[in-house]
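Please treat every number below as a calculation from the coordinates, not as lab data. Just so you know, these numbers come straight off a predicted model, no measurement behind them. Cβ sites come from the backbone with ideal geometry, for glycine too, and all protein chains shown count toward neighbours.
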Amino acid sequence: MRLPGLIRILRPVNAFVAGLASVLAYFIASGTLVPEALILIAIVFLITAGGNTINDYYDAGIDRINRPDRPIPSGEVSLRGAGSLSFILFTGGIVLSLFTNPLCITIAVFNAALLFLYACRFKKTLFIGNMTVAYLSASIFLFGGALYGPAGMAQVSAIALITFFAMLSRELLKAAEDVEGDARAGAVTVPVEYGVRVTVLLSLLFVLCAIAGSLYPVRWWGLPYFGGILIVDTIILVAALRPLRCRKPSCIRDTGATTLLKLGMFASLVVFTIAATLR
């Protein structure tokens, strides 16, 4: 195995950003930062990197056709090596979680198992794969809040809800963008089974759920938060409305809806951070 391939298969930038998001969630939950919270970065990094690696392990056959430049099909990382590496990464993350609390340990173990199941089974299952990705994204914030205890999880529940429903909406739109290739590959996705129109309407429904969840913290953060989150809600609503006229994948790509949804999710982090700082 070659070092560049090992680094690439981990997707270290994405894993590190996920770790930072968990620390941000702890800050939102507690209103402060302590050195002990930095362990969250290492735990999330290891488990996320383990998920990336096991995903490439199970996608090796498809990647040999579609992405021959990836670490396994290119020969930089062996299939056996990728399997062993993912086990080491998952184990390292779970072991580090033992230095946190029972809530964090439970989430760490559950997410590691779910990442494995997603790679080997759920990814190809109708709608379950989309929901799994949405949950895993949202759970990063729950994990950070969990370090502060049950009250911390409650404090970040709104941002977790926004992330879950916005990510679910985005995953559906991404699937609609790729429907032609997925259909040829025999993949079972919502747009392949039910069409682009139904997928777009479902995406809008989940964005409306995200907006509803985002209003809950007004109870303790008041009107300044409401003003900020209204901007975020407008961004993600516009993103979900843009593809309503679409009937073809190319049309959805042209709307830039998935990029706008990502922007809205980043903007929500800014609003939550400012609200937590000012409280």
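Does anything in the stretch 159-177 have its amide N under 16 Å from the 7 Å Cα→Cβ label point of Val198, and if so which residues?
What the label zone holds, given the 16 Å backbone N cut-off, is 172-173, 175-177.
Quick one: Karplus J couplings for the stretch 230-239, per residue in order, coefficients 6.51, -1.76, 1.60, θ = phi - 60°, nearest Hz, x for Gly and Pro?
Using θ = phi - 60°, the values come out as 5, 5, 4, 4, 5, 4, 6, 5, 4, 4 Hz.
For a paramagnetic label modelled at 7 Å from the Cα of Glu36 toward its Cβ, which residues of the stretch 105-143 fall within the zone defined by backbone nitrogen distances under 15 Å?
Zone members listed by number: 105.
From the phi of every residue in the stretch 28-42, what ³J(HN,Hα) in whole Hz does the Karplus formula 6.51 cos²θ - 1.76 cosθ + 1.60 yield, where θ is phi - 60° and glycine or proline is x?
Ordered by residue, 3J(HN,Hα) equals 4, 6, 9, x, 8, 10, 10, x, 4, 5, 5, 5, 4, 4, 5 Hz.
With a 4.7 Å Cβ cut-off, tell me which Cys residues in the chain come up empty for a partner.
Cys104, Cys120, Cys209
GNM, the chain, Cα, under 10 Å: largest mean-square fluctuation among Asn52, Asn130, Asn101?
Of Asn52, Asn130, Asn101, the Gaussian network model singles out Asn101 as fluctuating most.
Just flag the trypsin sites (Lys or Arg not before Pro) in the stretch 1-92 sitting in loop per DSSP whose Cβ has no more than 13 other Cβ atoms within 10 Å.
Sparse-neighbourhood loop trypsin sites (Lys or Arg not before Pro): Arg2.
Tell me whether the chain comes out rounded, prolate or oblate; compute the Cα gyration tensor, take square roots of the eigenvalues as a ≥ b ≥ c, and use a/c under 1.5 as the rounded threshold.
In terms of gyration-tensor shape, oblate.
Which value in deg cm²/dmol, rounded to the nearest 500, describes the helix-derived mean residue ellipticity at 222 nm for the chain, given -39,500 (n - 2.57) per DSSP H run of n ≥ 4 and division by the residue count?
Calculated mean residue ellipticity at 222 nm is -26000 deg cm²/dmol.
For the pair Phe110 and Ser84, what calculated FRET efficiency results from E = 1/(1 + (r/R0)^6), where r is the Cβ-Cβ distance and R0 = 25 Å, to the nearest 0.05?
With a Förster radius of 25 Å, E is 0.65.
In nm, give the distance between the simple-model label positions of Ile7 and Ala151, each being 7 Å from the Cα along the Cα-to-Cβ direction.
Placing both labels 7 Å along Cα→Cβ, they lie 4.4 nm apart.
Within the stretch 137-177, what residues put their amide N at less than 17 Å from the label point 7 Å along the Cα-to-Cβ vector of Arg219?
150-162
List the aspartates and glutamates whose alpha-carbon lies under 17 Å from that of Lys248, not counting same-chain residues fewer than 8 positions away?
Those aspartates and glutamates meeting the cut-off are Glu171, Glu177, Asp178, Glu180, Asp182, Glu193.
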